[in-house]
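Visitor: Below you'll find the structure I mean.
Derivation of every value follows stated rules applied to the coordinates shown; laboratory data play no part. Bear in mind that the values here come from a model prediction, so they are computed numbers and not experimental data.
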Amino acid sequence: MKTSAAPEAREARRASTVTARQASAAATADQICAYLARHPKKQFSLDQLRSALGLKNQVNVADALALLTWEDAQLLVIHGTSRSVAITRYQHLQSFLPQVPATPLTRTATRVLNRLRHHSARQTSSTPDTLAQEMKLTPDTVRAALALLDAHGLLTVRAVGAMVLFRTPLDPTPTVVQHPKDAA
């Protein structure tokens, strides 16, 4: 008579392997992030990252890149622009917004924040051009508002391909922010 120890042992080995692979990918992801942070504007292919970091296991590097791109959203993925070149390139994730001081929110920044919160509540992200079109503002005005929101830590950034999407941080109790002049 067979015992159920064999399936349990097999499941335990599988769980152990998955845990070890995730830990290895996380360690490699940390190495990749540190390397890309030292070269924020440069783009690297998977093979270039692997050789620059002296990593031998290509699957481990691919796992780390997937972790950073999809789960942690820390990498900006740049796809090849030519039909003959199908190499995906990675670079350090940047918002590409100007750095501004955290001055009080303007009326436009408040409007953009409320729109982003609406989008975030619906699990969608926005580009500056989409926001400008929806809100009937110029893209430069929206980028200035986003830069101010970023200075206050009210934005999260996500990359999809070479496109940067903006959301508000996940907040269990989203509130509508009013500009001080509108509150009276």
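Visitor: In nm, what is the difference between 0.36 nm times the number of residues separating residue 140 and residue 22 and their Cα-Cα distance?
Guide: Between residue 140 and residue 22, full extension yields an extra 38.4 nm.
Visitor: Something else now. How much length is gained on full extension from residue 34 to residue 121, taking 0.36 nm per residue of separation minus their Cα-Cα distance?
Guide: Stretched fully, the residue 34-residue 121 segment lengthens by 28.1 nm.
Visitor: I've got another one for you. Check residue 45: other-chain or 5+ apart residues with amide H under 5 Å from its amide H, H built from backbone geometry?
Guide: Residues meeting the criterion, in which the H sits 1.01 Å from N, are 90.
Visitor: Another question, if that's okay. Find how much the distance from residue 99 to residue 71 grows on full extension, using 0.36 nm per residue of separation minus their present alpha carbon separation; answer in nm with one decimal.
Guide: That works out to 7.5 nm of additional length.
Visitor: Where the Cα atoms of region 12-91 are projected onto their three principal axes, how long is each span, largest first, in whole Å?
Guide: 46, 28, 23
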